[in-house]
1. How would you rank 152-163, 109-120, 334-345, highest first, on the average number of other Cβ atoms within 10 Å across their residues?
2. Please compute the net charge surrounding residue 150, taking Lys and Arg as +1 and Asp and Glu as -1 over other residues with Cβ under 11 Å from its Cβ.
3. Could you check the simple spin-label distance between residue 269 and residue 79, using points 7 Å along Cα→Cβ, in nm with one decimal?
4. Please list, short to long, the whole-number percent of alpha-carbon pairs of the range 209-355 in consecutive 5 angstrom bins beginning at zero.
5. Gap in Å between the Cα centre of the range 103-154 and the Cα centre of the range 27-95?
6. Rounded to the nearest angstrom and ordered from largest down, what semi-axes does the equivalent ellipsoid of the chain get from its C-alpha gyration tensor (root of 5λ)?
7. Only helical DSSP H runs with n ≥ 4 go in: add -39500 (n - 2.57) per run for the chain, normalise by residue count and round the 222 nm mean residue ellipticity to 500 deg cm²/dmol.
8. Any idea which of 268, 248, 100 is furthest toward the positive side of the dipole for the chain, if Lys and Arg beta-carbons carry +1 and Asp and Glu beta-carbons -1?
Amino acid sequence: MDIEKNLNSIHTKKEIEGQPDLWIKTIQQLKENESIQSFLCPLIEKSHLNIILTGAGSSAFIGESVQHLFHLKTGMNVNAISTTTLVTHFKEFVDPEVPLLLISFARSGNSPESNAAVDIAENLCKEVHHIAITCNESGRLAHRINELKNGLTITLPPESEDLGLAMTGSFTSMIVTASYLTEYNKKNGQTALIKNIAESAKNVIRECSADLKEISFEHFDRIVFLGSGPLEGIAKESHLKVQELTDGQVVGKFDSFLGFRHGPKAVVNENTVLVFLFSTDEDVFRYEKDLAEQIVEDGIAKSCIGIFCNSEQAKCLNLDQKIIFDLDDEAQKSAYNTILYVIPAQIMGYYKSLSLGLNPDSPSENNAISRVVQGVTIYN
């Protein structure tokens with residue numbers, strides 16, 4: 001099969017490249033949704049409220065990537081806890097006497113753990129409120145939350161529900177939505193901000209895909225993504241993208257920059273690609289730069305790739321490849337810029353899948369993984 005002639009027939013490629021337009025459509029749809037403000041306002045005014053951000057797999061990483069925003073904007077106690085933990089250990093992590101806002105992220109809304117977490121919260125908590133952020137208005141989660149007087153379903157544009165196995169546009173558009181919730185009372189300027197970020201994404205997809213494809217077609221069987229703070233959640237999603245799109249033939253790892261020194265660095269060898277997700281915060285970047293320089297000097301990895309949203313920072317490092325999202329100062333400081341950092345991993349996972357002779361839309365040859373997890377029994 002001629003790979004190049006068949007690229008446009010593959011859903012995953014279209015879904016990766018379609019994300020910038022999807023973000024703009026998502027933010028416009030959110031601004032028109034008046035129920036968001038009316039639902040959130042009375043909750044945020046509560047003196048005590050626990051907020052839990054939850055989901056499974058990639059959807060859980062969304063919560064980890066935006067947890068800091070909810071804490072900074074609300075001052076509430078906010079935790080990102082996966083549904084796969086809540087189903088088995090809800091009582092250990094949640095005080096049922098304190099009012100709870102459970103924000104669930106789900107592409108299809110049909111994962112058994114997503115729905116079980118809602119049911120457990122309803123059964124155990126004295127007061128609980130639900131927000132479901134989902135790409136599927138017909139999913140079980142959307143229907144369940146719509147049935148509740150204490151629930152709000154936010155359904156994203158239909159094209160956010162990826163047809164391929166890997167979450168791409170669904171992941172980033174749900175991050176856009178979660179970030180918007182922390183700024184729901186500041187609608188002005190958000191569309192322009194997202195358009196700036198989307199344009200930068202389009203430029204990188206257009207200009208850097210060929211280089212990322214070349215790297216992906218080289219031999220490597222390990223890839224490591226490093227990110228600090230909120231970008232550690234993006235590093236988790238990035239490692240999963242490459243690992244699932246290559247059917248596990250490339251093993252992915254993730255860590256924080258500082259945490260990587262404490263043992264995990266042992267995974268790096270001559271068949272390892274190392275990807276640095278550099279923070280735009282200069283205080284954080286100092287630590288990240290130190291580690292990157294050390295690894296480059298030691299020459300222990302096959303190649304080192306830097307992802308930047310600050311072009312001046314990119315000049316400070318000598319790396320094998322630099323992916324630079326050119327943003328203005330406002331966009332660099334915006335929480336929305338985290339969605340950019342996962343795009344190189346999506347592109348590399350896609351091309352690495354092709355190089356291994358796999359179908360990126362359905363790379364699992366033995367069906368070990370699927371779009372909606374199978375085989376989970378929920379016990380009462």
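Read-outs: derived from the displayed coordinates by stated rules, not from any lab. Nothing here was measured: the structure is a model prediction, and the numbers come from that model. Cβ coordinates were reconstructed from backbone atoms using ideal geometry, including for glycine residues, and neighbour counts include every protein chain displayed.
1. Descending packing order for the listed peptides: 334-345, 109-120, 152-163.
2. Net local charge, residue 150 excluded: -2.
3. Distance between the two pseudo-spin positions: 3.8 nm.
4. 2, 10, 22, 25, 21, 13, 5, 1
5. 12
6. Result for the chain: semi-axes of 33, 23, 21 Å.
7. Numbers: 16 runs with 181 residues, N = 380.
The helix contribution divided over the chain gives -14500 deg cm²/dmol.
8. It is 100, whose Cα lies furthest towards the positive end.
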